[in-house]
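Notes follow once the structure below has been shown.
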Amino acid sequence: MKPRVLVTRHVYPAAIPILQEHCVVDYQDRYEVMDEARLQKKLQLADGVVCQLTDPMTRAVIESAPNLRVISQIAVGHDNIDIAAATARNIVVTNTPDVLTEATADLTFALLLATARKLPTAERFLRDGKWQRWDVDLLCGGDVHGSTLGLVGLGRIGQAVARRAKGFSMRVLYASRNQAPRELEQELGVMRVPLDALLRESDFVSLHVPLNDDTRHLISIAQLCQMKRTAVLINTARGPIVDERALIAALEEGLLAGAGLDVFEDEPNVPGDLLALPNVVLLPHIGSAVTSVRSLMCAIAARDCAAFLSGEQPEHAVNPEVL
Ligand code: NAP
Ligand code: GLV
């Protein structure tokens with residue numbers, strides 16, 4: 001009998017035939033997000049699930065799925081999945097790293113430039129018919145070229161951002177639990193420093209760590225107070241890495257100059273106080289939103305799910321110890 005796979009939400013079409021070759025597919029081709037109760041119901045007969053970062057793959061959901069053997073996430077981040085609960089039940093979790101690295105680094109740099117040079121404000125100014133003439137101090141922002149960039153996390157995306165920073169002649173610092181190999185540091189032109197020093201010295205602080213118990217509210221009021229008053233915080237990692245209330249207070253008090261955010265603590269809810277601030281650029285979690293990239297992410301998740309259910313090794317296991 002073919003294994004059964006639940007696809008929780010709309011995906012790029014290429015993913016479905018990949019699954020259908022080996023599995024019976026229950027494809028929920030819609031954009032709504034299932035809550036825990038609905039997921040639990042839909043997973044009763046499933047051997048595998050292809051899910052997204054919006055899906056609450058909690059301990060309760062995982063433990064109530066009697067036949068579940070593989071969870072394939074269409075994203076690199078997997079903080080919506082209780083990995084410990086999956087591992088305890090020998091369920092393999094897969095994700096989609098690498099393929100989205102460059103797209104997310106591009107978006108990070110776009111956000112950095114847009115925030116530093118006030119691009120959304122400037123565009124709104126023009127569209128609103130407010131542009132009367134060229135003025136010497138009209139919509140002036142901060143320097144990007146030659147400034148100091150602090151990367152919190154120097155994994156795949158952090159490294160790709162560092163490569164872009166080289167082209168802008170930026171001095172690049174990084175904070176990470178482990179030191180990168182010397183050759184990589186030299187190639188990227190980066191220097192490892194403690195987080196405190198990075199916050200004190202950087203003109204731009206950009207976050208590239210996964211969300212977990214160690215990184216939740218890694219950037220809170222104490223860290224924001226250490227930043228330069230002229231500095232900008234960029235977050236394309238996960239919202240809860242930053243204490244959003246503290247960030248709003250810091251921006252209101254002028255403790256830092258601005259923020260560029262692609263991710264939020266309670267997506268898709270963005271606090272009104274944040275929306276009211278003029279010195280922030282806000283995006284709806286579009287870091288990897290390039291058609292070819294998203295299509296590949298869907299195909300990779302489907303391939304790993306189908307491969308595992310056909311007795312093969314998946315390419316990207318988050319908890320390889322269960323294999
Ligand atoms: P990665 O290659 O695993 O890199 C993460 C880095 O974070 C690792 O090098 C790790 O190095 C470091 N790290 C982990 N915990 C840390 C801590 N407590 N303090 C400092 N550094 C720490 O992951 P990636 O592919 O670059 O992706 C990073 C994250 O970006 C994902 O987890 C996801 O949440 C987010 N993301 C967002 C979007 C978007 O659409 N906005 C798109 C893609 C990814 P050490 O182990 O040496 O510390
Ligand atoms: C997107 O946020 C991802 O983690 O892939």
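A full extension of the chain between Glu183 and Arg163 corresponds to an added length of 5.8 nm, given 0.36 nm per residue minus the alpha carbon distance. Using the 1.4 Å probe convention, the accessible area of the range 24-96 works out to 42 Å² per residue with neighbouring protein chains retained. Solvent-accessible surface of the range 169-241, taken per residue with a 1.4 Å probe and all protein chains present: 49 Å². Rounded to the nearest 20 debye, what is the charge dipole size of the chain about its Cα centre when +1 sits on each Lys and Arg Cβ and -1 on each Asp and Glu Cβ? Its charge dipole is roughly 400 debye.
Over the range 101-282, the Kirkwood radius and the radius of gyration, each from Cα atoms, give a ratio Rg/Rh of 0.97. For the range 261-323, the set of GluC sites (Glu not before Pro) satisfying both a DSSP loop assignment and a count of at most 12 other C-beta atoms within 10 Å is given as Glu312. In this label model, Leu45 and Glu312 are separated by 2.6 nm, measuring between points 7 Å along each Cα→Cβ vector. Here the 3J(HN,Hα) profile of the range 133-146, calculated from phi with Karplus coefficients 6.51, -1.76 and 1.60 at θ = phi - 60°, is 5, 6, 10, 5, 10, 6, 6, 6, x, x, 6, 9, 3, x Hz, Gly and Pro shown as x. Remark: relative contact order (the range 101-282) = 21 percent; criterion is Cα-Cα distance under 8 angstrom and separation of 6 or more residues. Fully extending the segment from Arg59 to Glu321, taken as 0.36 nm per residue of separation minus the present Cα-Cα distance, adds 92.5 nm.
Close Lys pairs in the chain, defined as Cα atoms under 23 Å apart and 8 or more places apart or on different chains, number 6. Computed from the C-beta positions of Ala276 and His217, the FRET efficiency with R₀ = 22 Å rounds to 0.45.
Within the accessible surface of the range 101-282, defined with a 1.4 Å probe on protein heavy atoms only, the carbon and sulfur portion equals 51 percent.
When each of the peptides 137-148, 65-76 is scored by how many other beta carbons lie within 10 Å of its residues on average, the order from highest to lowest is 65-76, 137-148. Structural descriptor for the chain: relative contact order 21 percent, calculated from alpha carbon pairs under 8 angstrom and at least 6 residues apart.
Bridges between two residues of the chain, per DSSP, are antiparallel at a rate of about 5%.
Using only side-chain charges placed at the Cβ, +1 for Lys and Arg and -1 for Asp and Glu, the dipole size of the range 101-282 relative to its Cα centre rounds to 480 debye.
Using only alpha-carbon positions in the chain, the gyration tensor eigenvalues give semi-axes of 38, 22, 18 Å once each is multiplied by 5 and square-rooted (largest first).
Once the chain from Asp106 to Asp35 is taken as fully extended at 0.36 nm per residue, the excess over their C-alpha distance is 22.3 nm. The local environment of Phe125, defined by Cβ-Cβ distances under 14 Å, has a net charge of +2 under the rule Lys, Arg +1 and Asp, Glu -1.
The values are calculated or read from the model by the stated rules, or taken from the named source; none is laboratory data. Bear in mind the structure is a predicted one, so any value in this text is a computation, not a measurement. When we count neighbours, we look across all protein chains shown, and the Cβ atoms used for this are built from the backbone with ideal geometry, even at glycine. Ligands, DNA and RNA are excluded from the accessible area calculation, which covers all protein heavy atoms including side chains. Shrake-Rupley method; radii C 1.70, N 1.55, O 1.52, S 1.80 Å.
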